[in-house]
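Q: First the structure, then my questions, so here it is.
The values are calculated or read from the model by the stated rules, or taken from the named source; none is laboratory data. No experiment lies behind these values; they were computed from the predicted model shown. Reconstructed Cβ throughout: ideal geometry from the backbone, glycine too, with neighbour counts over all protein chains shown. Accessible surface areas use protein heavy atoms only, side chains included; no ligands, DNA or RNA. Shrake-Rupley method; radii C 1.70, N 1.55, O 1.52, S 1.80 Å.
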Amino acid sequence: MDLRILGMDAPFFDTLQHMMDANDHEADKSFNAPTRTYVRDAKAMASTPADVKEYPSSYAFIIDMPGLKSGDIKVQVEEDNVLVISGERKRGEDKEGAKYVRMERRVGKFMRKFVLPENANTDAISAVCQDGVLTVCVEKLPPPEPKKPKTIEVKVA
């Protein structure tokens, strides 16, 4: 609402108008601001590169997981068609007196989400972590059989 339209041009009303405009702008910012969970998940997903391959009978999701044990990795299916690969890479215990000169390996949570195609069989998923590489295989459902034409008998009336 612009108070100047109502003929209120005094400095007091200008200040009041400015405060009202600022509150509207701040409300817009906070309404559109991403949540902490969203920012955390976005960072976790950006730091987890993956390769996805399609084979005649399956899909393969390949992610490097150096130094992780199988207990540190979680593979789930959400909402019947979203494959979620997540976990946490922890920093190794340091010996007393040691300090980092350079730290390039990522630590912290990681996550990737993949929307599975309609022909993915979510009941036939396997995951193997070998030599620091996680491979998640999702089998494909067999293609539907083509419908045979239905013959309808014509009766004579």
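Q: Working only within region 74-97, note down all residues that are under 13 Å from Asp123 (Cα atoms), of a type in the set (A, V, I, L, M) and loosely packed, with under 15 Cβ neighbours inside 10 Å.
A: If the condition is that a residue be under 13 Å from Asp123 (Cα atoms), of a type in the set (A, V, I, L, M) and loosely packed, with under 15 Cβ neighbours inside 10 Å, then Val82 is the only one that fits.
Q: Still on this structure, please answer the following. If I go through region 107-140 residue by residue, how many of them are charged (D, E, K, R) and in a loop (DSSP other than H, G, I, E, B)?
A: Of the residues in region 107-140, the ones charged (D, E, K, R) are 109, 112-113, 118, 123, 131, 139-140.
Filter again for in a loop (DSSP other than H, G, I, E, B), leaving 118, 131.
Going through region 107-140 one residue at a time, the tally reaches 2.
Q: Do we find that Glu139 is charged (D, E, K, R), at pLDDT 95 or above and under 25 Å from Pro56 (Cα atoms) in this structure?
A: yes
Q: Only one of these is open to solvent by 50 Å² or more (accessible area, probe 1.4 Å), outside any strand (DSSP E or B) and either on the phi > 0 side of the Ramachandran plot or in contact (Cβ under 8 Å) with a residue 12 or more places away in the chain (or both): Pro143, Pro149. Name it.
A: Working: Pro149 fails: either on the phi > 0 side of the Ramachandran plot or in contact (Cβ under 8 Å) with a residue 12 or more places away in the chain (or both).
Matching residue, one of Pro143, Pro149: Pro143.
Q: From Glu88, Glu104, grab the single residue that is assigned to a loop (DSSP other than H, G, I, E, B), among the acidic types (Asp, Glu) and without any contact (Cβ under 8 Å) to a residue 24 or more places away in the chain. Give the derivation first.
A: Working: Glu88 fails: assigned to a loop (DSSP other than H, G, I, E, B).
On inspection, the qualifying residue turns out to be Glu104.
Q: Testing Val115 on (1) in contact with a Gly (Cβ under 8 Å, 6 or more places away or on another chain); (2) under 30 Å from Glu145 (Cβ atoms); (3) of a type in the set (A, V, I, L, M), one condition comes back false. Which one is that?
A: Of everything listed in (1) in contact with a Gly (Cβ under 8 Å, 6 or more places away or on another chain); (2) under 30 Å from Glu145 (Cβ atoms); (3) of a type in the set (A, V, I, L, M), Val115 misses just condition (1).
Q: Something else now. Restricting attention to region 39-73, which residues are open to solvent by 30 Å² or more (accessible area, probe 1.4 Å), modelled with pLDDT under 85 and either under 15 Å from the mean Cα position of the chain (by Cα) or not small (Gly, Ala, Ser) (or both)?
A: Those that are open to solvent by 30 Å² or more (accessible area, probe 1.4 Å), modelled with pLDDT under 85 and either under 15 Å from the mean Cα position of the chain (by Cα) or not small (Gly, Ala, Ser) (or both): Val39, Arg40, Asp41, Ala42, Lys43, Met45, Ala46, Ser47, Pro66, Lys69.
Q: If you don't mind, another one. Which one of the conditions (1) within 20 Å of Val128 (Cα to Cα); (2) open to solvent by 40 Å² or more (accessible area, probe 1.4 Å); (3) modelled with pLDDT of 85 or more does Pro117 fail to meet, given that it meets all the rest?
A: (1)
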